Structure formats: C-alpha cells, structure tokens
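These notes concern the structure reproduced below.
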Amino acid sequence: MLVFNDGIVAQADPFGLSAPILHAQLAWLMHPQELAEHLSALTTDLWHLQLHSFRRACGLPSPDPIRPHADDPRFTDPVWTEAPTWDLVKEWYLALTHHMQDMLYVTPGLSGKERRRAAFWWRKWLNAVAPTNYLLTNPIALRRLAETRGESLWQGLQNMLEDLGAGNVRMTDPDHFKVGGNLATTPGAVVFRNHLLEVIHYAPTLSQVHAEPVVIITPWINKFYVLDLTPKKSMVRFLLDQGLDVFITSWKNPDESMRGTRFDDYICDGVDAIVRVARDFTAAERVHAAGYCIGGTALAIYMAWAARHYAEDAIPVRDWTLFTTLVDFHKPGDIEVFIDEGSIAHLSAQMARKGYLDGRDMAASFRLLRSNSLVWHYVVHGWLYGESPAPFDVLFWNMDTTRMPQAMHSWYLRELYLHNRLIEPGALNVAGETIDLHAIRQPLYAVAAEDDHIAPWQQTFRTVHHIAAEKRFVLSSSGHILGIVNPPARPPKRRYWADTAHRADKPLQWRDRTEAQAGSWWEDWMQWLKPRAGELVDARPASNERYPSLGDAPGSYVLEA
C-alpha cells in the first residue's frame, strides 16, 4: 500500500509542489498559539496599511509602510509610488506576499528543507500573480499602450506568438549570434575526437609560452564557449595573452544512442583523455587543470581517482582550479526543491523513455529558480511592453542547451545531490577506483561567486574542508556566470576576496578576515598559476604531425543541436 501511495504521489506531484505547502498549512493549524501571534502581527500591519490607503485616497502624503526588497526591480517606476491607486495595488500585494513568505520560513514543526520547499513553490505562485505581469494591472504597460496608440500591444502579441512557436520565453534574439561567427572566435584546432568530446588546442598569441599547459574541463550542461564568448570576454584569449598553452573540452551533445554513457566514461574518455592529449602534445609531465561547475565536480572526482590510479609521483596534474563547483551537496541552494526520491524517480523514468534528459527541461528548471528575473521580466518587457529581446551573448549561450545521457545523469543526481556520497571516503567507486577527496595532495585554487544560486558560495567553500592540500579560496562578486566570465576592466566593474583557506575555516569568518579588492580575480589567478607553469619555451602551433587538425575551432560538436 505504501509503495502504491508513493507511486500515485510521484505521478500526480513528481516535484513536490503541493505536499510541502499542505504540510505547512497543517503545521500551523496544529500550533494555534503561534498562528494567533502571526495573525495578530498581520492584523496590525493591515491596520497600518488601511490608514495609509485612507490617507492616499484623501490626497494626503503618507510614506509606504511596506517597501519592496532591495533586489526587487518590479516597482521601481515612480508611478507605483506617486499615483495613489497604483501605490495601493503595490502595497497590498507586498503586504500579503511578505507575510506569507515570512510565515512559511518559520513554520513550526517542519524541517528546514521542507520549509524552504514550501516557501519556494509558494513564492513561484506569488511571483506569477504579481500585478506587474498583467496588462490591466500594470500602469507602465497601459501608458505605453496609450503612447504608441496600440502598437506596443500589437508588437507584444507578435513577440508572444514567436515565443510560443519557439517553445520558450526568449531572453535574447538568436539571430544576432552565430557560434564560430561572432562567438567562440579564438583561433585553434580540434586535435582529438572520440565518442564523448573534442579536444581543442588554441593557437598561441605570443612567441613563447609556459612549458606546462592549462587544461579546462567545461560543464556538459550547456556548451564550452561560455569561456570564449567574444574577444573582450574570453577567458581562453586572456590565458593565451598571458603566455599559457590552452586545451579545452567540447562535449558531444548526447542523443538516444548514448543512453548508457556513465559518469565513469566522462572521467576516463573525457577528463583523463584531454589530460593525456595535452601531455602528449606538449611533452609536459604534468598539466594545470581547471574545471567549471559540473566540469569542476568531474575534475574533483578525477583528482581523487588519479590519487588511487597513479603512483604518487606520476599523477599527471600539478595543481587544479575550480570555478563555482560543488563537491559537498549538503545544501546545494534553491535547486534542492527538485531533489528528492520522488522527483529523481520521475526524471529517471522520463530519461528511460528517451535515453536522455532534454536540455530545455533542465534550462526551464534553472530559470524557475529565478522566475522574476529570468521568466516574468521577459514576459513583461516582451509581451506587455512590446520590446524586442536585446542581443546578449551570455543569454544566447544560456539558451543553447544540451542533453544529459540517462545513465550519467541519474547517477549524478542520486549519488551526489540526493545522497551526497562524494564527501564520504570510500563511498563511491568510479572507473574501478574507490575514491577519497582527502587523498588529493595537489594545490587547489577555488573560485566561488557571491550571488550564485546554482552553487551557493558558502556551500562551495565547504570544498576546503575535504581537501588536505594547500588551498587558496576566492570569492567573486556577481553570479554563477558573470562571477567567472569576469575579465579585467578599467575602471573595475567588480570586486573579489582572495586568501589562503584552511580546513578549520568557516565561510563568513574567512570573508570577514579577508580584504575585498576591486577588479577581476583573473589577475590574482595568474599570480598564483604562472609561477607554477614551468619555464618559457617556444610557442607550439595549434596542431602538429602527431595531432593533425581535425577541423578549426570551435569544432563540430558545439554546433550539434
């Protein structure tokens, strides 16, 4: 009977939208004293709001009793404060929204995770019903309708129909960009290809380079060129201009035939393959490896695997760098609302039918995490205001989705996100080796982003607790992408904190003792990395006789839809 009930629930509510909210409601009913206290506080605020409404209706000045959060841009137009009618619409919406959210976060008798799940799904509904999202309750949309004599509404309808045709609310116009045309333009060659990846080796920009190459493990969620967007934003080009020899992974976009591809394959035929190619191409004993997001998680697993697979003096990586990477999945951020037995079982069943997880499904989940800024913002500006989506290279890359093979992704979700086994010594066997992060002895440079909602920085900091080697931790301002795609600029656009991190450190204590610096952490990374990268030697061409060019960068796998 329990299995039957679980199956029914999994089918009816696979991502647990309703259960946490129902549990929260029942919890409040079972705690009448706490409920009465909160209702009393709500009543007091509503009386203040009624007094404010009366004064505004009489044309009298009255400061807003409830203000939007600092990161909420929906009500920044002066009409939401200056016009009494719209001010009251805003104030009543904010009053009910803030109180509902606050109550869910302090629900008695629920675990912290279930509170967060309830608050998350309730917040999605509250965001959806915001007055800014509808024509008749959005004064800016009505003003534009009048000013353009209906043109904004007509253009908005066209935008809506185009979005529906595309099956997505577009964040940018895809016609403005072409991979290999105005994106991913750094010259190089594909020097190796197998069933899983292409290895791109970039042409040098200087006559001499450091002897030991840099190998970058990119995430296979989305495509590699986020690190080679445009010449001014390209991390790859920056590294070349620093005299470093760069190899990068470009992963194949899986289809049904790759349903059985495992995480082991990404380690052996992916990470180990590019390390082997880079060493063989350059005749270097060791490389300097860097991994981004899930590519960084794969690199961490590879480093633990290599510590078992190779003799201590033969490990092929001298040091390693992580960009916004989780190895400890205890609190992985808002994405935890999608992670439980029911949701993973549902996703696994979906993938079993297709052989993969569709990239559009994953992209929709990540956009839902920030629905106001990544969904409703574009609905309002595109459909209500009639604005055409602006060209933005990062958003184009974000829309250029990839698929996940069934076997790999099921293992990744279950073993890492659900059971958090990577931090347990000996709990995982990968490619024939029982791995332990504590066995890694190579120096680590780890970068996190202050506003990252995919890999929260305080959780990425926990990496230093599981690595015994020398560690330098860096916290960059901005989020998961712009915290990493962070080229030096004058005057500086961002800031960062950088210092040695110890296993006993706590994240906030580390940040409090570390002085913030204006600028890009890329320059700090170079001060750490270049002295380790060997002497200067004559620059190598993008391809050679042993590794002839199989095609110009950015290669063919990146173009697969």
Those residues of the stretch 359-381 that are touching a Lys or Arg at 6+ places or on another chain (Cβ under 6 Å) and within 30 Å of M258 (Cα to Cα) come to a total of 1
Can I454 be described as open to solvent by 30 Å² or more (accessible area, probe 1.4 Å) and either within 20 Å of E212 (Cα to Cα) or aliphatic (A, V, I, L, M) (or both)? yes
Residue set V287, V327; condition in contact with a Leu (Cβ under 6 Å, 6 or more places away or on another chain) and β-branched (V, I, T); output residue V327
With criteria (1) over 25 Å from I344 (Cα atoms); (2) crowded, with 19+ Cβ neighbours inside 10 Å; (3) among the aliphatic types (A, V, I, L, M), A468 comes up short on (2)
Quick count over the stretch 290-319, residues being part of a loop (DSSP other than H, G, I, E, B) and either more than 24 Å from F224 (Cα to Cα) or β-branched (V, I, T) (or both), is 3
Residue pairs qualifying under the 9 Å Cβ cut-off, at least six apart or on distinct chains, with the first in the stretch 387-398 being within 21 Å of L153 (Cα to Cα) and the second being among the acidic types (D, E) and open to solvent by 20 Å² or more (accessible area, probe 1.4 Å), are S388/D173; P389/D173; A390/D173
Residue hits (the stretch 308-319; touching a His at 6+ places or on another chain (Cβ under 7 Å) and open to solvent by 10 Å² or more (accessible area, probe 1.4 Å)) are R318
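Per-residue answers, yes or no, for (1) within 20 Å of the chain's Cα centre (by Cα); (2) at pLDDT 90 or above:
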| position | (1), (2) |
| --- | --- |
| P316 | no, yes |
| T321 | yes, yes |
| T324 | yes, yes |
| D328 | yes, yes |
| E336 | yes, no |
| I339 | yes, no |
| S343 | yes, no |
| K354 | no, yes |
| A363 | yes, no |
Those residues of the stretch 320-334 which are surrounded by fewer than 23 Cβ atoms within 10 Å (Cβ to Cβ) and outside any loop (DSSP other than H, G, I, E, B) amount to G333, D334
The helices (runs of 4 or more DSSP H) lying wholly within the stretch 6-118 that contain at least 1 residues that are open to solvent by less than 30 Å² (accessible area, probe 1.4 Å) and free of Cβ contacts under 8 Å to residues at least 60 places away in the same chain are 32-57, 79-82, 84-105
From the option list H377, H409, single residue qualifying as modelled with pLDDT of 95 or more, open to solvent by 30 Å² or more (accessible area, probe 1.4 Å) and within 19 Å of the chain's Cα centre (by Cα) is H377
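Rundown of residues vs (1) part of a loop (DSSP other than H, G, I, E, B); (2) hydroxyl-bearing (S, T, Y); (3) open to solvent by less than 10 Å² (accessible area, probe 1.4 Å), yes/no style:
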{"position": "P204", "(1), (2), (3)": "yes, no, no"}
{"position": "E212", "(1), (2), (3)": "yes, no, no"}
{"position": "I216", "(1), (2), (3)": "no, no, yes"}
{"position": "Y225", "(1), (2), (3)": "no, yes, yes"}
{"position": "P231", "(1), (2), (3)": "yes, no, no"}
{"position": "F238", "(1), (2), (3)": "no, no, no"}
Only one of A489, A469, A518 is closer than 21 Å to V327 by Cβ and hydrophobic (A, V, I, L, M, F, W, C), namely A469
Contact list, first residue from the stretch 149-167 and touching a residue at least 24 places away in the same chain (Cβ under 8 Å), second anywhere and of a type in the set (F, W, Y) and not in a helix (DSSP H, G or I), beta-carbon distance below 7 Å, six or more apart or interchain, is S152/Y385; G156/Y385
Subset of the stretch 473-504, residues over 20 Å from V394 (Cβ atoms), open to solvent by less than 20 Å² (accessible area, probe 1.4 Å) and part of a loop (DSSP other than H, G, I, E, B), comes to A501
The one condition A141 fails out of (1) surrounded by fewer than 19 Cβ atoms within 10 Å (Cβ to Cβ); (2) within 26 Å of L88 (Cβ to Cβ) is (1)
The number of residues in the stretch 462-472 that are in a loop (DSSP other than H, G, I, E, B), closer than 17 Å to A298 by Cα and touching a strand residue (DSSP E or B) at 6+ places or on another chain (Cβ under 7 Å) is 1
Result of the Cβ filter at 7 Å on the stretch 177-198, keeping first residues that are under 21 Å from N398 (Cβ atoms) and partners that are surrounded by fewer than 23 Cβ atoms within 10 Å (Cβ to Cβ) and of a type in the set (D, E), at least 6 apart or interchain, is F177/D393; L183/D393
Quick check, is R472 out of contact with any Cys (no Cβ under 8 Å at 6 or more places or on another chain), touching a residue at least 24 places away in the same chain (Cβ under 8 Å), more than 24 Å from D328 (Cβ to Cβ) and basic (K, R)? no
Cβ pairs under 9 Å, 6+ apart or interchain, first in the stretch 127-143 and among the polar types (S, T, N, Q), second part of a loop (DSSP other than H, G, I, E, B), ordered by first then second residue, are T132/R74; T132/F75; T132/N138; N133/R74; T137/A130; N138/Y385
Query - A289 being in contact (Cβ under 8 Å) with a residue 12 or more places away in the chain, over 18 Å from V190 (Cβ atoms), surrounded by 19 or more Cβ atoms within 10 Å (Cβ to Cβ) and within 25 Å of the chain's Cα centre (by Cα) - result: yes
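The values are calculated or read from the model by the stated rules, or taken from the named source; none is laboratory data. Since the structure is predicted, the reported quantities are computational estimates derived from the model, not experimental observations. As a convention, Cβ positions derive from the backbone with ideal geometry for all residues, glycine included, and neighbour counts pool all protein chains shown. The protein model used for the area step is the full one, side chains on, heavy atoms only, and it has no ligands, DNA or RNA in it. Shrake-Rupley method; radii C 1.70, N 1.55, O 1.52, S 1.80 Å.
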